[in-house]
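Heads up: the structure comes next, in structure tokens.
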Amino acid sequence: MNTVLDDNKKLCLTSGAIIKLKPTMTIMFQVDDLSQASPATISRCGMVLLESGQLGHNVFISSYKTELMGIINDEKICDKFDKMFHYIADLAIEYNRVNGKYPCAGQGSFLVNHMIRVIDTFLKPFKPRPAEEEPVVIPGDIEDKLYNYLIFAAIWGIGGCLDEFTRDQYDLFL
């Protein structure tokens, strides 16, 4: 990667081939962490760091809607689910910001990520599979199931992170 990031912009492949990038071309990539990057690579890159707290939790929900469209493929259902997800997450996160206590500090994006993982657990049987396996059949009541998954995710994705003394208050709130 270092040679392509230099001024000469030559991409050296493992096969020995060298590809020269045009002056108008650039390479951009996104990584979760830089644990495997060398200092030379890091020094050649222009870095933009976005903390999850700066983004807020709504971008995670909006991004999840796109992923959900790949599973359900019904824009009307996904739009309604997206609105409901935003509504429940906003209310629950704000309620817990004021009234909740967490053993480990967590922001809204952390809690929404928990909710998404819980929902994904239930949606796993409906995710597209390789062509050689049986095709996925989406049940007719998927909209009802999604709302049930969302409520369950709000209970455990957010409420499960609360300390034992504020869970009862959150239960009453929900």
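The residues listed here are ILE77, ILE71, ILE155, ILE142; of these, the one that is over 30 Å from GLN30 (Cα atoms) and touching a Phe, Trp or Tyr at 6+ places or on another chain (Cβ under 8 Å) is ILE142.
Identify all residues within region 148-165 that are surrounded by fewer than 16 Cβ atoms within 10 Å (Cβ to Cβ) and under 21 Å from the mean Cα position of the chain (by Cα); write none if there are none.
Filtering region 148-165 for residues surrounded by fewer than 16 Cβ atoms within 10 Å (Cβ to Cβ) gives 148, 151-152, 156, 160, 163-165.
Matches in region 148-165: ASN148, ILE151, PHE152, TRP156, GLY160.
Scanning region 79-128 for residues that are in contact (Cβ under 8 Å) with a residue 60 or more places away in the chain and out of contact with any helix residue (DSSP H, G or I) (no Cβ under 9 Å at 6 or more places or on another chain) yields a single hit, LYS101. Take LEU162 and decide whether it is within 22 Å of SER62 (Cβ to Cβ) and either assigned by TED's automatic domain parsing to the domain that holds PHE85 or among the β-branched types (Val, Ile, Thr) (or both). No: the conditions fail for LEU162.
So that you can scan it fast, the table gives a plain yes or no per residue for (1) part of a helix (DSSP H, G or I); (2) among the aliphatic types (A, V, I, L, M); (3) at pLDDT 85 or above:
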| position | (1), (2), (3) |
| --- | --- |
| PRO103 | no, no, no |
| HIS114 | yes, no, yes |
| THR121 | yes, no, yes |
| GLU132 | no, no, no |
| VAL136 | no, yes, no |
| PRO139 | no, no, no |
| TYR149 | yes, no, yes |
| PHE152 | yes, no, yes |
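Reported count of residues in region 110-148, each being within 26 Å of ARG97 (Cβ to Cβ), of a type outside the set (A, V, I, L, M, F, W, C) and out of contact with any Asp or Glu (no Cβ under 9 Å at 6 or more places or on another chain), is 6.
The values are calculated or read from the model by the stated rules, or taken from the named source; none is laboratory data. Quick caveat, the model's predicted, so the values are computed rather than measured. Note: ideal-geometry Cβ built from the backbone for every residue, glycine included; neighbour counts use all protein chains shown.
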